[in-house]
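The values are calculated or read from the model by the stated rules, or taken from the named source; none is laboratory data. No experiment lies behind these values; they were computed from the predicted model shown. Cβ atoms come from the backbone with ideal geometry, glycine included; neighbour counts cover every protein chain shown. What goes into the accessible areas is simple: the full protein's heavy atoms, side chains included, and nothing from ligands, DNA or RNA. Shrake-Rupley method; radii C 1.70, N 1.55, O 1.52, S 1.80 Å.
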Amino acid sequence: MKQVAVFKSNDDQRKVLMQYNNSLSDFNGIVRQDMVDTGFGKTNVLSFGNDTHPKLVLLHGANSNAVSWVKDFTMYANEYKVYAIDIIGEPGKSEQNRLSYENENYSDWLNEVFQQLKIDKACLVGLSQGGWIAVKFAVKYPEKVKRLALLSPAGIVNTTGSFILKAVFYSLFGNFGKRKINELIIGNQKVDHQVLDFMELMQSAVNSRMDKEYIFSDEELKKLAMPVLFIGGAHDVVRDSEKIKTRLAGLLPDFEFFIDPEKGHVLVDMADVISEFLLKAKNK
């Protein structure tokens with residue numbers, strides 16, 4: 001399997017992993033870390049909560065890692081055993097193999113992680129590119145997904161052309177340009193300084209992927225027979241939330257949505273909305 005440089009340098013990797021470990025140290029609870037083997041490379045998994053509870057799997061976005069979910073662990077663990085996975089090929093502790101978006105590698109990788117963790121069926125939450133992986137997995141292995149929550153998922157509509165043009169332009173200007181890209185993504189949304197620091201670290205330390213987008217066909221999306229929640233931001237400059245909502249509503253049999261009028265693409269502090277959706281499964 002070809003190794004692709006995720007981090008720009010060894011020092012950048014050290015900085016990201018230091019931030020990763022500090023986030024775990026600051027958390028008020030004991031988070032377990034397990035490195036599981038898959039045919040695509042070793043995968044790091046954070047877990048928290050009671051082993052007897054139903055399973056909840058969290059997939060972060062691109063240029064991110066599993067600790068981005070840590071502050072929500074306590075709320076989710078009231079009802080679920082929580083697993084946050086470092087997606088392979090992203091800046092966490094998993095193998096730095098960047099898999100193709102054009103085949104079944106990501107869905108098969110996640111299936112192997114489920115098998116290693118002995119998860120037969122779980123509720124699945126995916127953010128942005130993690131939402132794309134969640135959909136890819138749920139399309140191929142629908143029997144393993146009880147409920148699916150998607151936060152500004154990739155693969156439903158194309159990334160907006162204006163954002164791509166601005167991001168490409170700003171990428172020519174080093175760290176200044178990277179800060180401008182983050183400003184574009186955040187917009188007028190009020191974001192905690194820790195989130196901003198995390199985003200700036202990732203922009204400076206990680207080689208972003210420039211792969212062609214994979215947009216799911218209607219036939220693929222119609223296979224999502226499980227209950228699906230879409231969460232979007234009304235001011236998302238990366239993907240049009242109204243277009244995502246309209247497409248999914250026209251294809252899925254059990255669909256609901258929440259578009260936050262105050263948010264853009266940075267969908268933090270959504271655990272209460274997600275928990276409400278997930279609890280419907282327990283009350284049936």
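With contacts taken as Cα pairs under 8 Å and at least 6 residues apart, segment 1-155 reaches a relative contact order of 23 percent. The heavy atoms of THR74 offer some 70 square angstrom of accessible surface to a 1.4 angstrom probe. DSSP beta bridges fully contained in the chain are about 30 percent antiparallel. Per-residue ellipticity at 222 nm computed for the chain from its helices equals -11500 deg cm²/dmol, with DSSP H segments shorter than 4 residues left out and the rest contributing -39,500 (n - 2.57). Working from Cα pairs under 8 Å separated by at least six residues, relative contact order for segment 87-166 is 24 percent.
So, counting K/R as plus one and D/E as minus one, what does the shell of residues with Cβ under 13 Å around ILE119 add up to?
Computed value for this residue: +1.
Counting only protein heavy atoms and using a 1.4 Å probe, the accessible area of PHE48 comes to about 40 Å². Contact order, relative form, for the chain: 18 percent (alpha carbon pairs under 8 Å, 6 or more residues apart, mean separation divided by residue count). The lysines within cross-link reach of LYS166, meaning a Cα-to-Cα straight distance under 27 Å and a gap of 8 or more places when in the same chain, are LYS8, LYS178, LYS180, LYS190, LYS212, LYS243, LYS245, LYS263.
Here the label points at GLU102 and PHE27, each 7 Å from Cα along the C-beta direction, are separated by 3.7 nm in the simple model.
Computed over protein heavy atoms with a 1.4 Å probe, the accessible surface of the chain works out to 46 Å² per residue. Peptides 5-12, 75-82, 126-133, 113-120 ranked from most to least packed, by the mean per-residue count of other Cβ atoms within 10 Å: 126-133, 75-82, 113-120, 5-12.
Taking all protein chains as shown and a probe of 1.4 angstrom, SER171 keeps an accessible surface of around 60 Å².
The Cβ shell under 12 Å around SER208 holds other residues with a net charge of +2, Lys and Arg each +1, Asp and Glu each -1.
Comparing Cα centroids, segment 181-249 and segment 1-67 end up 20 angstrom apart. The local environment of LYS93, defined by Cβ-Cβ distances under 11 Å, has a net charge of -3 under the rule Lys, Arg +1 and Asp, Glu -1.
The Cα atoms of the chain give a gyration tensor whose axes a ≥ b ≥ c have a/c under 1.5, which makes the shape rounded.
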